[in-house]
Structures are given as C-alpha cells and as structure tokens.
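So the structure is just underneath, and the comments pick up after that.
The values are calculated or read from the model by the stated rules, or taken from the named source; none is laboratory data. Quick caveat, the model's predicted, so the values are computed rather than measured. So basically every Cβ, Gly included, is an ideal-geometry build from the backbone, and we count neighbours across all protein chains shown. Surface accessibility is based on the protein's heavy atoms, side chains included, excluding ligands, DNA and RNA. Shrake-Rupley method; radii C 1.70, N 1.55, O 1.52, S 1.80 Å.
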Amino acid sequence: MEATRTCFGLGSFSYLPKSSHCLKTNLSLFPRHLLHSHTLSWKPTKHDLFVVRSTKSNDDLESSRPLTHFSPSLWGDHFLSVSLDSAEFDQLEREIKTTKPLVRDMLMSSHSSDKEKIRFIHLLVSMGISYHFDKEIQEILNDSFTKLEDIIDKENDLETISIMFEVFRLYGHKMSCDAFDRFRGEDGRFKESLATDVRGMLQLFQVAHLGTPSEDIMDEALSFARNHLESWIGGNVSGATPHLFKHIQNSLYIPRYCNIEVLVAREYISYYEQEGGHNDILLKFAKLNFNFCQFHYIQELKTLTKWWKDLDLVSKLPYIRDRLVECHFASLGTYFEPQYSLGRIILAKIMMIVVVVDDTYDAYATLPEVTALTECLQRWNIGASDQLPDYLRIVLTSLFEVIGEIEREMRPKGRSYGVKQAVEKLKILVKAYLEITKWARTGHVSTFDEYMKVGYVTGGMGDFAAYSFIGMEDINEKEAYDWLDSKPLIIKHLSFMFRLANDVGTYETEMSRGEVANGLNCYMKQHGVTKEEASQELRKMYRDNYKVVMEEFLNTHDHVPRQVLMRCLNFARIFDVIYTEGDGYSDPKGKIEHFMTSLYLHPIPLPYIMTSNIHQF
C-alpha cells in the first residue's frame with residue numbers, strides 16, 4: 001500500500017540486516033539566527049534502486065515480507081555543505097524593514113478606493129507577502145464586507161468581481177456566488193462574449209475552485225473558464241502577451257488553490273515582473289521576502305540533515321524511504337512564513353519518523369511483528385519491546401527518542417501539551433495501520449465502503465494537524481487541540497481527500513507488487529467497473545470533499561483562529577502537488593524535484609532598485 005498510511009506515501013524497501021538498537025542524538029530544533037556564506041551549485045545525481053529480498057517463515061505463510069523497489073534520497077547530505085552568508089542575510093533583513101512601511105502605506109492609502117485596496121491585497125497574497133500585513137488586511141476586509149453590495153453594484157468587470165470573491169473567501173468572508181449571475185445570459189449560461197477577456201477568464205478559473213457543495217455555478221464557471229483557457233494555449237488572442245500565456249499554462253497545470261503558497265508566490269513574482277506598469281517597490285519587497293524565506297529553509301535543512309544523519313536510520317533500517325527533504329517540502333506547504341521555522345523543523349522530524357513506522361508496517365514487517373509492534377506503541381513504553389526483533393526495537397527507540405526530545409524542547413516554552421496529544425493520535429493511527437496490513441498480507445480486497453471506514457483514519461489529517469500545531473507559537477495550544485479533539489468535519493473530509501488522492505496516485509505501484517488493499521481496487525471490485533471509471537469516480541469524490549472543506553473553512557472562521565484554519569486549506573494544497581502525477585513523495589524525481597530545486601537552490605536575482613521609484617496602481 002504505497003503511501004497508504006502516512007501523510008505522503010509509503011514504501012522504500014531493501015534487505016534488512018540485524019543491527020544494534022542503541023541511538024544517540026543531539027537535537028537542536030531551532031535554527032541559528034546567524035547564517036553563513038553559501039554556494040548552491042550542487043545537482044542531485046541519479047541513483048540505482050534498492051530491492052527488498054523476500055523471505056518466508058516456515059511457521060507462518062503470512063510472514064512473507066513485501067518485495068518492492070525504492071530510490072535513495074535525491075539530496076543526501078548536500079545541505080550540510082551549503083554555506084550561508086550572514087552578511088547577506090542581515091542585508092536582506094534590513095532592506096525588508098526599510099521597504100515594508102512603503103508597501104504598508106500603499107495598502108492603507110486614503111486615496112485608494114475599496115476596490116483598489118482589495119486588488120492590492122490580491123497582489124500581496126499572490127506574491128506571498130500578505131502575512132506581513134495581516135492585521136491591516138483584516139481591518140480593510142471587515143470594513144469593506146459590510147458595504148459589499150454598494151461596492152459591487154454595477155460592477156461588470158469579470159476580473160474585478162473574481163478577485164474580490166477570492167480575497168473575501170480567503171479571509172473567511174462568504175461573498176455570495178450570486179455576484180457571478182451578472183455574467184450569465186438569458187439561457188443561464190456564462191456569456192460567450194466573456195471569451196475575449198483573457199485576464200478575467202483566468203481569474204474566474206482560479207476562484208472557481210473555492211466553491212461549496214450547494215454552489216453549482218462555480219462548477220459551471222470552472223468548466224467554462226477551463227475550456228476557453230485550454231483553447232487559447234498555442235493560439236493568438238488579442239491582448240495576451242507571451243508571459244500571460246505562460247502564466248495560463250502554469251495555472252492549468254496546477255491551479256492556484258491546488259498549489260502550495262510559496263510555489264504560487266515564486267511563479268507569480270516572475271509573472272508580475274513582466275507585467276507592464278508593475279510597481280517596483282512591491283516587486284522588490286516580494287523578491288526580498290522570498291530570498292529571506294529561502295535562507296531560513298536552507299538553515300532548517302542543515303539542522304534537519306544533521307539530525308537525520310545522527311540517527312543513522314538509513315543504514316540501520318534500509319527498507320525505509322529516505323525522504324527528509326521531501327518532508328521539509330511538505331512542511332513548507334503547511335506554512336512557509338519565517339515565523340514558523342520551528343514548526344517546520346518539528347513537523348518534518350515527526351513526519352520522517354512516522355514514515356519509518358509506516359514503512360515498517362507496509363514495507364517489511366510480518367503480520368505477527370506488526371501486531372506486537374502495535375501493542376508496544378499502545379503502551380508507549382520501550383520496556384514492553386523485549387520480545388521484539390532488534391530492528392523493531394530500533395524503530396521504537398528512535399520514535400520515542402525523537403518525540404521525547406521535542407517534548408523536552410517545548411516544555412520550557414509551556415507547550416508540551418501538543419506533543420502528548422500527537423502521541424495519543426499516533427496510537428489510534430497505528431491501529432488502523434494494523435488493519436490495513438492484515439488485508440495486505442492476506443490478499444483481502446474489502447468493499448470500498450469497508451475500506452474507507454479504516455482508510456479515512458489512515459489518511460491521518462488529525463495527526464498531521466496535531467504535529468503542525470506543536471510549533472505554532474502564535475496560537476493558544478489548548479484551544480487548538482480541544483478543537484481538534486472535537487473531530488471537526490474539515491479534518492474528517494481532509495482525511496478522505498488524502499486517502500482518495502493517494503490511492504489513485506499509487507495504484508499502479510501497489511498493484512505491481514501485489515498490494516491489493518487499495519481504495520481504487522476496492523471500488524472496482526465493489527462496483528464492477530474499470531480502473532478508468534473508478535478513477536473518475538474517486539476524483540469526483542475528492543472534489544466533493546474539497547467543497548465541504550471550503551464550506552467548513554468559511555463557517556468556522558468565527559470561533560477558530562485563521563492561522564489554524566489556513567493550515568487545513570494548505571493540507572489540501574499539498575495533496576494536489578504531491579499526487580497530481582503519481583506519488584511524488586515516494587518517487588520525487590521529476591516534478592517534485594523541480595519544485596524543490598526552485599525553492600531551495602535558486603534565489604531570485606535582486607538588482608538594485610531605487611526606493612523612490614514608486615508607481616501608482
């Protein structure tokens with residue numbers, strides 16, 4: 001079951017020798033403030049595949065171990081050799097402090113209308129710099145939403161209405177989709193005359209992803225806009241520049257709300273730079289911010305790489321996937337802002353060690369072994385592992401050490417409660433792991449309905465949320481976990497989404513090695529349909545679940561902090577990036593490798609820009 005039970009896939013396996021279970025680590029969860037000089041010239045090399053050799057117990061036919069292939073890490077210890085220039089970091093920090101007030105003045109200008117301010121907020125969001133002005137943005141939108149009817153009265157520009165719809169919904173204001181009725185003809189369909197409005201159609205396509213279950217017009221808008229945008233690719237539409245066509249192509253490949261925020265920002269900055277009349281100060285601020293964030297990411301990867309190397313689990317447990325950098329990439333999808341540096345490190349560490357546990361269930365252990373492992377994890381006591389084979393004692397010792405170190409790190413901050421909550425959720429998760437493992441080892445293909453009862457638990461979004469909240473020092477810890485314990489619908493439907501996306505993305509790999517406990521396979525069996533028909537239906541379920549997630553995001557804003565709810569929206573964006581083409585976590589070569597390279601290895605060039613050169617919007 002490739003990627004069936006952690007947040008980003010499963011299964012890297014090779015022959016497992018016996019080895020000592022003694023581990024020593026010296027963890028430092030927070031990166032140093034000073035960053036030292038760097039060169040980013042390394043390129044990943046191609047690695048051979050490892051293979052797990054199948055073994056069979058004479059006592060138990062179920063003890064046959066899985067057989068599969070996996071590729072080693074694309075990155076290895078690369079980030080340990082990357083140097084970071086503290087002088088450059090300090091210069092970025094100074095320029096950000098100098099430029100930020102200028103951008104704030106543009107946002108708050110008394111000369112700007114409500115529409116102009118909302119369009120400006122959209123630019124801030126698109127370039128990944130809105131977090132600098134959260135308080136100001138929320139004040140503007142709270143005020144504007146009270147007079148929304150007057151603002152949009154007689155407004156017939158598709159791009160403007162679409163931008164307002166996007167910005168208000170993103171900040172928890174449920175602007176009615178009735179605003180789009182003005183663009184429909186007497187037959188109820190969107191007017192074909194809109195086809196000449198390239199920018200309006202692109203923006204309509206983006207916001208059509210923010211609909212809720214009862215908003216059929218948003219489905220119509222999505223189909224209408226996509227069909228026209230696709231027809232333009234390679235064509236020649238009046239007023240559409242080459243950089244706009246490229247932007248359309250990128251958006252069709254991964255729409256904005258199916259892409260993680262920092263990747264959207266990286267692409268949009270390049271696009272905006274080529275826009276006529278762009279604002280030099282705003283562009284400079286966005287570039288400074290991206291490079292400033294990138295320094296943090298590299299330092300975090302240095303910290304994580306040293307930690308992972310000290311654990312040395314790749315040599316002790318060679319069946320596991322070595323995907324530390326991919327774990328950090330997923331943590332970036334959760335929160336990319338510099339203030340969540342600690343959160344990203346904690347999240348990446350827990351994800352990686354849970355992948356070790358997950359791969360043990362899925363990739364190597366026999367059924368009796370994982371049954372015993374589950375019992376030990378329920379007790380959460382290393383003393384209960386005396387009867388386990390050496391390699392499982394390594395798994396347990398490593399898990400307990402990592403979680404223990406994080407708990408000790410958070411205790412002086414008064415934030416150890418979240419670690420305990422994460423442990424309790426992990427205990428529930430591994431019970432579901434065991435159930436799926438039983439099906440896999442015995443070749444049982446359940447009904448789809450039966451599978452999803454367990455499968456949504458293995459989707460693990462409650463666990464992933466619990467891990468991500470630990471390092472979020474800007475939220476009330478107890479309130480966040482109490483909300484999570486209330487089993488909110490948004491988490492339930494995110495878990496369904498992960499399970500569906502994962503099972504479609506990993507189907508071919510799982511079937512090739514006899515792993516029949518897959519949602520797609522179960523659906524085919526229950527309903528007697530082809531793989532293509534089942535895939536189409538699971539994708540429809542995925543979209544339907546996302547609409548519920550969006551509805552819950554809007555309905556819950558009054559009593560759950562926006563920082564918490566944004567994590568939930570961001571989880572869904574990670575799924576789309578990872579599973580658009582197969583399983584990008586287990587097999588990152590290609591698309592995911594390209595994304596990580598753009599974020600980790602390539603700063604944005606920063607030519608000198610006169611700060612007095614300010615254009616008006």
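Worth a mention:
- For the chain, the longest principal axis of the alpha carbon atoms and the long axis of helix 489-505 meet at an angle near 70°.
- Accessible surface area normalised per residue over the chain is 40 Å², counting heavy atoms of protein chains with a 1.4 Å rolling probe.
- Subtracting the Cα-Cα distance of Q339 and E155 from their residue separation scaled by 0.36 nm leaves 62.4 nm.
- Whole-Hz ³J(HN,Hα) from phi, Karplus 6.51 cos²θ - 1.76 cosθ + 1.60, for segment 529-539, glycine and proline x: 10, 7, 4, 5, 5, 5, 4, 4, 5, 5, 5
- Overall Cα dimensions of segment 342-465 - principal axes, largest extent first, Å: 48, 33, 20
- When each of K431/K492; K135/K492; K309/K431 is checked by Cα-Cα distance, pairs over 27 Å: K135/K492; K309/K431
- Cut-off 19 Å, label 7 Å out along Cα→Cβ of Q138, residues of segment 488-514 by amide N: none
- Karplus-derived 3J(HN,Hα), 6.51/-1.76/1.60, for each residue of segment 395-411, Hz, glycine and proline x: 4, 5, 4, 5, 4, 5, 5, 5, 5, x, 5, 5, 4, 5, 5, 8, 4
- Potential lengthening of the chain between H527 and K420 amounts to 34.4 nm, from the contour at 0.36 nm per residue minus the alpha-carbon distance.
- Efficiency of FRET between K427 and D312 - r from beta-carbon atoms, R0 35 angstrom, step 0.05: 0.85
- Computed per residue of the chain from DSSP H runs no shorter than four, each worth -39500 (n - 2.57), the mean residue ellipticity at 222 nm is -19000 deg cm²/dmol.
- Added length on full extension, which subtracts the Cα-Cα distance from 0.36 nm per residue, H444 to E88: 122.4 nm
- Rg over Rh [alpha-carbon atoms, Kirkwood Rh] for the chain: 0.97
- Once backbone amide H atoms are built at 1.01 Å from N, F70 has F13, F50 as its partners under 5 Å, excluding neighbours fewer than 5 places away on the same chain.
- Carbon plus sulfur fraction of accessible area for the chain, probe 1.4 Å, in percent: 50
- Estimated Rh, segment 229-295: Kirkwood, alpha-carbon pairs, angstrom: 13.2
- Segment 206-225 and segment 451-516 have Cα centres separated by 25 Å.
- As a calculated quantity, the FRET efficiency between R104 and D280 at R0 = 22 Å, using C-beta atoms, amounts to about 0.85.
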